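Down below is the structure, laid out as structure tokens.
The values are calculated or read from the model by the stated rules, or taken from the named source; none is laboratory data. All values derive from a computational prediction rather than experimental measurement. Reconstructed Cβ throughout: ideal geometry from the backbone, glycine too, with neighbour counts over all protein chains shown. What goes into the accessible areas is simple: the full protein's heavy atoms, side chains included, and nothing from ligands, DNA or RNA. Shrake-Rupley method; radii C 1.70, N 1.55, O 1.52, S 1.80 Å.
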Amino acid sequence: MRLPATCEAVTVPEAMAALRISRNKIYDLMRTGQLRSFTIGRARRIPADEISTFMRKRMEDAA
């Protein structure tokens, strides 16, 4: 899934689709600080650039 250029924060389901991982894994990554997020009321949001940063770090670790 490609994020819209105007999108600055994504929902958990959007992050799940972008990374192709489960809801539990997304929350695990957020809980352990590997994927930064914030809340607005009860809604959890993930900065779109955080997903790119997460993927870049994982690629660097794999090299």
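Between residues in the stretch 10-32 that are in contact (Cβ under 8 Å) with a residue 12 or more places away in the chain and outside any helix (DSSP H, G or I) and residues that are open to solvent by less than 30 Å² (accessible area, probe 1.4 Å) and of a type in the set (Val, Ile, Thr), which pairs lie under 6 Å by C-beta distance while being six or more apart or on different chains?
Pairs that qualify, where the first residue is in contact (Cβ under 8 Å) with a residue 12 or more places away in the chain and outside any helix (DSSP H, G or I) and the partner is open to solvent by less than 30 Å² (accessible area, probe 1.4 Å) and of a type in the set (Val, Ile, Thr), are Val10/Ile46.
Which residue pairs have Cβ atoms closer than 9 Å, lie 6 or more positions apart in sequence or on different chains, and pair a first residue in the stretch 38-63 that is over 19 Å from Tyr27 (Cβ atoms) with a second residue that is open to solvent by 100 Å² or more (accessible area, probe 1.4 Å) and not in a helix (DSSP H, G or I)?
Taking only residues 6 or more apart or on different chains, the pairs are Asp49/Glu8.
For the stretch 10-57, which residues satisfy the criterion of being among the aromatic types (Phe, Trp, Tyr) and open to solvent by 40 Å² or more (accessible area, probe 1.4 Å)?
If the condition is that a residue be among the aromatic types (Phe, Trp, Tyr) and open to solvent by 40 Å² or more (accessible area, probe 1.4 Å), then Tyr27, Phe38 are the ones that fit.
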